[in-house]
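The values are calculated or read from the model by the stated rules, or taken from the named source; none is laboratory data. Fair warning: this is a prediction, and the values are worked out from it, not measured in the lab. Here the Cβ positions follow ideal geometry from the backbone for every residue, glycine too, while neighbour counts run over all protein chains shown. Side chains are part of the model used for accessible areas, which takes the heavy atoms of the whole protein and leaves out ligands, DNA and RNA. Shrake-Rupley method; radii C 1.70, N 1.55, O 1.52, S 1.80 Å.
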Amino acid sequence: MSRLVFSFTTITTKTFFLHPSSSSFHFKIFKSSSAASRVSTMASSDSSSSPSPSSPSPSSAIDFLTLCHSLKSTKRAGWVKRDIAGPESIADHMYRMGLMALIASDTPGVNRDRCIKMAIVHDIAEAIVGDITPSDGVPKAEKSRREKEAIDHMCKLLGGGPRAEEIHDLWMEYEENSTTEAKVVKDFDKIEMILQALEYENDQNKDLEEFFQSTAGKFQTNLGKSWASEIASRRKKQG
């Protein structure tokens, strides 16, 4: 338990401090301000030594992060199936989406910080279920069930509490496309994919037209539409 230290009064060079100890109060005399500073620092360090009850325990945090390692090692299935050399990982994809949210211009009614968080959470269930694509033949409802089960497990692994609840809420918000932020991040998901497709076309002499076709007309925000148009324009010039 931390000790509370209060400055009581100052007489010449001596400072009187009052602090509670058990059921009684005691006076301590410190002959210099540096001594008082040391006591204040001690109280501060005592209070910071105990983890906040709202934070995951060290054990839960490391368990959670260890599970998330597979996001770094699992390659995005769409690129693997098209024989892309050195395809991006799930984490690569989410990271650049986070950068998109970070650099995007301010939009009235859109919480940019929430978009950043949502971008780095939206595919987190794939740490367990993997990257399920339409060509896998898994019905949409079944895919959603598997991912919901995975996110519940991951939040439980994190120990519950506010951090786990925030991750769960961000993931559900994205899945349900229920807010403007979710719509922005959904657009970033498609933007990141077609930008990556353009880069693979340029670097590996591939024709990845199907990825551009699959996103055509599906952008929900003006921001998404303008960025998609820029990518399409560059692709046309390079083709």
### With every protein chain in place, the stretch 109-239: carbon and sulfur % of accessible area (1.4 Å)
48 percent
### Task
Taking just the C-alpha trace of the stretch 40-181, give me its Rg and Dmax in Å.
17.7, 63
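Would you tally the net charge around Ser89, using a Cβ to Cβ cut-off of less than 14 Å, leaving Ser89 out, and scoring K and R as +1, D and E as -1? Present the calculation step by step, with values, prior to reporting the outcome.
On the way: positive: Lys72, Lys75, Arg76, Arg96; negative: Glu88, Asp92, Asp123, Glu126, Asp131, Glu192.
Once all neighbours under 14 Å are counted, the net charge is -2.
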### Task
Over every pair of different alpha-carbon atoms in the stretch 144-188, take the mean of 1/r and invert it; report that Kirkwood radius in Å.
11.0 Å
### Message
Starting from a Cα-only point model with no solvent, please compute log10 I(q)/I(0) by Debye for the stretch 108-199 at q = 0.12, 0.18, 0.23, 0.24 1/Å.
### Response
-0.40, -0.88, -1.26, -1.31
### Task
Could you list which residues have their amide H under 5 Å from that of Ser89, counting only those 5 or more apart in sequence or on another chain, with H placed in the peptide plane?
Arg76
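How much accessible area per residue does the stretch 129-239 have, in Å², with a 1.4 Å probe?
Details: 6190 Å² over 111 residues.
Accessible surface, normalised per residue, equals 56 Å².
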### Ranked packing of 65-71, 102-108, most packed first, by mean Cβ within 10 Å
65-71, 102-108
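Quick one: net charge around Thr74, please, counting Lys, Arg +1 and Asp, Glu -1 for every other residue with C-beta under 11 Å from its C-beta. Provide the component values of the computation, followed by the final result.
Numbers: positive: Lys72, Lys75, Arg76; negative: Glu88, Asp92, Asp123, Glu126, Asp131.
After counting each charged neighbour, the total is -2.
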